[in-house]
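Here's the structure we're looking at; comments come further down.
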Amino acid sequence: MSRAILIYGESGSGKTTSLRTLDPKTTLIIDADRKGLSWRGWKKQYNKENKNYLATSSVSTIINYLDRVNDGDLKHIKVVVIDTLNMCMIDSEMARMQEKNFDKWADLAWSVWGLLTNIHLYREDLTIVCMAHAQTDRDDNGYMFTHMKTSGRKLDKLVPESKFTTVLLAKGGGGRYTFVTQADHSTAKSPMGCFDKEIENDMAAVIAALKEYEGEDAKD
């Protein structure tokens, strides 16, 4: 059973920057936003020549690469990052925007849900990190709640966060970037006792803490 983590937050909250601590030799970054990474010298670490960087929002292509990582020519990869799920949804939606039927919404929901449904079914030493944008809603009583932003009501009903045991809300301000690990008017959650309520946005440290919590050697 592979490990799956969801990181969500507003643009500029430090989601992508948290990847800076990962080992490029064992990490594959799928840049669905096709915007590049956000730290000095990243192009020397992640590129096509190193076979650890891919710019695509196609869900079928992403699944194909996950299969290659699981038991194909990319088995040396230990961490796969999908940045962001939202662009996978938006690009699929825009490609079919001229269609005047409801089938496209069902297809959109199924493609993303199909990816998330199988996200735990890869090999045990693999961690899959999904990035997403956040949306904050306010009800008639003024209650505010933050969750992953989706395209279409079908995915809202399915609740993508339900497919993850670790959902971290990225926050940034005043030059400090952190992850909120437990619900505070949000869908943030993590295994009981694994993290403090707020931690630094260090993805390598997050994965190491989860491995130790699960009883796995953090160096594996």
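Brief remarks follow.
- Consider the range 107-135 and keep the residues that are modelled with pLDDT of 95 or more and among the hydroxyl-bearing types (Ser, Thr, Tyr). The one that is surrounded by the most Cβ atoms within 10 Å (Cβ to Cβ) is THR127.
- Condition check for THR150: β-branched (Val, Ile, Thr) and outside any loop (DSSP other than H, G, I, E, B): no
- Single unsatisfied condition, LYS104 versus (1) buried (at least 17 other Cβ atoms within 10 Å of the Cβ); (2) assigned to a helix (DSSP H, G or I); (3) more than 15 Å from the chain's Cα centre (by Cα); (4) modelled with pLDDT of 95 or more: (4)
- Check on GLY36, within 14 Å of the chain's Cα centre (by Cα) and open to solvent by less than 30 Å² (accessible area, probe 1.4 Å): no
- Of the strands (runs of 3 or more DSSP E) lying entirely inside the range 158-216, those containing at least 1 residues that are modelled with pLDDT of 95 or more and farther than 17 Å from SER13 by Cα are 166-173.
- Among the residues of the range 192-208, those that are open to solvent by 30 Å² or more (accessible area, probe 1.4 Å) and either small (Gly, Ala, Ser) or over 18 Å from ARG176 (Cβ atoms) (or both) comprise MET192, GLY193, ALA204, ALA205, ALA208.
- Here ILE90 meets the list (1) open to solvent by 50 Å² or more (accessible area, probe 1.4 Å); (2) at pLDDT below 95; (3) not in a helix (DSSP H, G or I) almost entirely, failing just condition (3).
- Within the range 170-185, residues that are in contact (Cβ under 8 Å) with a residue 24 or more places away in the chain and open to solvent by 50 Å² or more (accessible area, probe 1.4 Å) sit with their Cβ atoms under 6 Å from residues that are aromatic (Phe, Trp, Tyr) and in a strand (DSSP E or B), at 6+ positions apart or across chains, in these pairs: HIS185/PHE145.
- Test for THR16: is it polar (S, T, N, Q), without any contact (Cβ under 8 Å) to a residue 60 or more places away in the chain and out of contact with any Phe, Trp or Tyr (no Cβ under 6 Å at 6 or more places or on another chain): no
- Residue ID - farthest from MET131 (Cα to Cα), chosen from residues in the range 19-52 that are in contact (Cβ under 8 Å) with a residue 24 or more places away in the chain and among the hydroxyl-bearing types (Ser, Thr, Tyr): THR26
- Any pair with Cβ under 6 angstrom, 6 or more apart, that starts in the range 112-127 at a residue that is more than 17 Å from ASP71 (Cβ to Cβ) and ends at one that is open to solvent by 40 Å² or more (accessible area, probe 1.4 Å): TRP113/LEU158; LEU116/LYS163
The values are calculated or read from the model by the stated rules, or taken from the named source; none is laboratory data. Computed from a predicted model, the values in this text were never measured in an experiment. Positions of Cβ are backbone-derived with ideal geometry, glycine not excepted, and every protein chain shown enters the neighbour counts. Surface accessibility is based on the protein's heavy atoms, side chains included, excluding ligands, DNA and RNA. Shrake-Rupley method; radii C 1.70, N 1.55, O 1.52, S 1.80 Å.
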